[in-house]
Amino acid sequence: MTEFDPRIIAFCCNWCSYVGADLAGTSRLQYPHNVRIIRTMCSGQVFPSYILKALELGADGVMIAGCHIGDCHYVSGNKKAEERFRMLLGIMKTLGLDARRIRLEWISASEGVKFANTIKEFAREIKELGPRNGGKE
Amino acid sequence: MKQIIRNTKAYYCVECGKCTGSCPVARGNEFFSPRLIVERALSGMKQDIEGDRELWACLTCEACSKKCPSTVKYSEFIRGMRKMAFDSGFTSRCSQGGLLHSIQRIHSIKDLVQDRLDWAKDLKTSKKGEVLYFTGCLPYFENLFSAFVSPIEIAKSTVKILNFAGIVPAILQNERCCGHDLLWTGDSETFQKLARLNTEMIKESGASRVVTSCPECLRTLKLDYADLLESTGIEIMHISELISSLMKNNGIKFNRSGIMTYHDPCRLGRHLGIYDAPRDVIKSMGELVEMGNHMAESSCCGVSAWATCESMSKQMQVNRLIEAKSTGSDTLITSCPKCLIHLKCAVHNQIPVEKEKVDIRIEDLAVAAGKALAGD
């Protein structure tokens with residue numbers, strides 16, 4: 001049996017987290033290949049439906065990353081993201097899906113190291129959790 | 001497509017246009033015409049219909065079916081057309097960005113273990129029993145809409161009433177969505193999966209009677225699960241029907257107070273023909289004043305299957321509330337969780353009219369009945 005290779009989706013905001021990911025790349029920091037990054041203009045535009053859709057289509061973990069609170073390029077987008085994330089946690093609980101499968105992180109443009117470490121930690125955690133729904137449809 | 005036309009008797013259409021005339025959507029949306037969709041189907045314009053975004057605007061409220069002189073089963077016709085469009089890769093413009101549809105699709109995972117029974121902690125329920133309460137999506141609605149409405153109260157009140165009448169209902173820990181919304185937006189494959197999972201669980205529970213507080217679950221279980229549940233002889237009923245029969249047999253009584261008016265949900269009324277049971281219950285709780293549009297003529301709450309929500313839906317909701325307010329009642333009762341959410345949502349947001357015109361309490365039948373129980 002091959003080792004479980006999780007699929008992780010990361011929504012990164014254009015102004016901070018995506019640039020942070022870029023910095024991790026240009027600094028040649030190593031992080032797991034499991035993550036697929038999707039660039040969004042703001043963490044506040046990542047609707048809860050995007051996350052559930054990803055899980056529905058077979059993602060094992062989903063991360064939303066945005067600017068630190070107070071640093072949002074659009075003033076308060078990340079606060080919206082935070083509020084929505086809280087609602088999403090409620091839905092995850094009712095659905096019986098582990099809340100650790102979704103994650104909200106603040107990563108600034110200068111935090112390439114933090115980006116790499118977050119992904120490492122997240123991938124390790126998802127590997128421990130195993131595939132969403134035990135690998136069966 | 002020919003099969004759908006044959007099954008729904010769409011070929012009987014005489015293009016009289018009564019459907020478009022009675023359609024609440026066509027009144028505000030000039031691009032939507034039920035008659036034209038039938039006409040295009042009859043001339044075999046398959047691709048044209050599939051790509052039409054107005055195909056998803058129909059509320060399947062059956063206001064047209066009640067008027068049609070040729071007895072075309074219009075809502076089923078639309079359902080068939082949507083399935084055809086869905087199979088060709090077209091989807092509806094979902095409200096909430098399709099969040100609820102995602103939840104419903106996640107429900108079709110076989111090994112899902114949900115954590116949805118928090119609300120039932122203080123109430124008497126069991127795992128198996130004669131009577132099964134099919135909760136529906138209420139725990140999820142509570143997660144989503146708790147900002148302006150508390151849908152889980154409907155579940156609590158329903159069980160409270162059942163307990164009061166000496167019934168300990170079974171509730172399913174892993175109950176799935178009944179699949180109504182997916183069925184009506186064309187995804188019949190996932191619907192089949194959900195239907196199989198649910199019927200298995202219902203059979204396992206040993207229930208001979210299933211009670212729902214949601215007309216959509218009721219319709220789906222009664223009509224769309226018919227071939228799966230047929231042989232079991234399980235009786236499926238709405239909570240209003242149960243309360244009304246309990247009132248006659250067990251002498252369950254309510255404290256009378258206030259003037260109420262009743263909004264007929266389309267699934268309960270026009271789809272299933274249940275008009276009297278909820279009215280009996282309301283009449284025993286207080287005075288019932290009817291709105292101009294009631295029973296088969298009832299207006300719609302504006303959204304169906306979470307498929308469309310636009311300015312026109314809001315307009316329909318606001319109109320309905322103005323109508324309710326003008327009866328002089330102090331409470332608008334409905335018996336569908338979705339009607340409740342939609343009508344409350346309309347007042348929660350900015351509205352195009354003065355607040356006083358729509359300032360009326362909106363309550364679910366089960367919640368109102370739960371509060372009014374005499375001797376509680």
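The values are calculated or read from the model by the stated rules, or taken from the named source; none is laboratory data. Please read all numbers here as calculations on a predicted model, not as lab measurements. Heads up, the Cβs are rebuilt from the backbone with ideal geometry, glycines too, and the neighbour counts pull from every protein chain shown. SASA here: full protein model, heavy atoms, side chains in, ligands and nucleic acids out. Shrake-Rupley method; radii C 1.70, N 1.55, O 1.52, S 1.80 Å.
Observations on the model:
- Normalised by the number of residues in segment B:253-372, the average gap of Cα pairs under 8 Å and 6 or more apart makes the relative contact order 32 percent.
- Annotation: amide H of B:S126 within the under-5 Å range of B:A170, B:I171, sequence separation 5 or more or interchain, hydrogens built in the peptide plane.
- Chain B - convex hull of the alpha-carbon atoms, volume per residue in Å³: 134
- Toward the positive end of the charge dipole of segment B:324-376, with +1 on the Cβ of Lys and Arg and -1 on the Cβ of Asp and Glu, the farthest Cα among B:I362, B:I333, B:N349 is that of B:N349.
- Segment B:28-44 and segment B:149-169: distance between their alpha carbon centers, rounded to Å: 43
- Per-residue average of Cβ from other chains inside 10 Å of B:90-101: 3
- Placing a pseudo-label 7 Å from each Cα along the Cα-to-Cβ vector at B:K127 and B:V14 gives an inter-label distance of 6.0 nm.
- Each residue was assigned an accessible area with a 1.4 Å probe, and for A:M87 the value is about 50 Å².
- By definition, a body whose alpha carbon gyration tensor gives a ≥ b ≥ c is oblate when a/c is 1.5 or more and a/b is not larger than b/c, and segment B:201-323 fits this oblate description.
- Cα shape, chain A, gyration tensor, a/c 1.5 rule: oblate
- Among B:E142, B:E175, A:E128, the sequence by solvent-accessible area, most first, with a 1.4 Å probe is A:E128, B:E142, B:E175.
- Computed accessible area, B:T71, all protein chains, 1.4 angstrom probe, square angstrom: 80
- When the residues A:R101, B:R93 are ordered by accessible surface, computed with a 1.4 Å probe over the protein chains alone, the sequence from largest down reads B:R93, A:R101.
- Protein-only accessible surface order, largest first, of B:L373, B:L228 at 1.4 Å: B:L228, B:L373
- Per-residue shielding of B:109-121, expressed as the average number of other chain Cβ atoms within 10 Å of the residue Cβ, stands at 4.
- Area of A:S49 that stays accessible when all protein chains are in place (1.4 Å probe, Å², to 10): 10
- Computed FRET value (nearest 0.05) for B:E354 with B:D87, which takes r as the C-beta separation and R₀ as 56 Å: 0.75
- Only DSSP H runs of four or more residues enter the estimate; each adds -39500 (n - 2.57), and after division by the residues of chain A the mean residue ellipticity at 222 nm equals -13000 deg cm²/dmol.
- Net charge dipole, chain B: roughly 320 debye, given to the nearest 20, about the Cα centre with Cβ charges of +1 for Lys and Arg and -1 for Asp and Glu.
- Inter-label distance for A:F4 and B:N7, nm, one decimal - labels placed 7 Å from Cα along Cα-to-Cβ: 4.0
- Charging the Cβ of each Asp and Glu at -1 and of each Lys and Arg at +1, and nothing else, the dipole of chain A about its Cα centre rounds to 160 debye.
- Over segment B:2-87, relative contact order from alpha-carbon pairs under 8 Å, at least 6 apart, %: 39
- Restricting segment B:127-161 to trypsin sites (Lys or Arg not before Pro) in coil, as DSSP defines it, with at most 13 other Cβ within 10 Å: B:K127, B:K128
- Antiparallel %, DSSP beta bridges [both residues in the protein assembly as shown], to 5: 5
- Helix-only arithmetic for chain B: the sum of -39500 (n - 2.57) across DSSP H runs with n ≥ 4, divided by the residue total, places the mean residue ellipticity at 222 nm at -12500 deg cm²/dmol.
- For the protein assembly as shown: rounded, prolate or oblate by the Cα gyration tensor [a/c cutoff 1.5]: prolate
- Of A:K79/A:K127; B:K248/B:K338; B:K325/B:K355; A:K120/B:K110; B:K222/B:K314, pairs whose Cα-Cα distance is over 19 Å: A:K79/A:K127; B:K248/B:K338; A:K120/B:K110; B:K222/B:K314
- Charge-dipole axis of the protein assembly as shown as Lys and Arg at +1 and Asp and Glu at -1 on Cβ define it, positive-most pick from B:P215, B:V289, B:G17: B:G17
- Note that segment B:91-96 has calculated 3J(HN,Hα) couplings of 10, 6, 8, 6, 6, 6 Hz, one per residue in order, obtained from phi through the Karplus relation 6.51 cos²θ - 1.76 cosθ + 1.60 (θ = phi - 60°); glycine and proline are x.
- Here segment B:2-87 is described by how far its Cα atoms reach on the three principal axes: 29, 25, 19 Å, from widest to narrowest.
- Inter-label distance for A:I38 and B:R196, nm, one decimal - labels placed 7 Å from Cα along Cα-to-Cβ: 2.9
- Mean Cα-pair separation over length for chain B, i.e. relative contact order, pairs under 8 Å, 6 or more apart, %: 17
- Farthest toward positive dipole pole in chain B [+1 Lys/Arg, -1 Asp/Glu at C-beta], among B:V168, B:I236, B:F31: B:I236
- Centroid-to-centroid, using Cα positions, segment B:264-322 and segment B:52-128 are 18 Å apart.
- Rg and Dmax of segment B:95-245, based on Cα coordinates, read 14.7, 43 Å.
- Per-residue mean of foreign Cβ neighbours for B:142-152 is 2 (Cβ atoms of other chains, 10 Å radius).
- Simple point charges give the picture: +1 on the Cβ of Lys and Arg, -1 on the Cβ of Asp and Glu, and for the protein assembly as shown a dipole about the Cα centre of about 220 debye.
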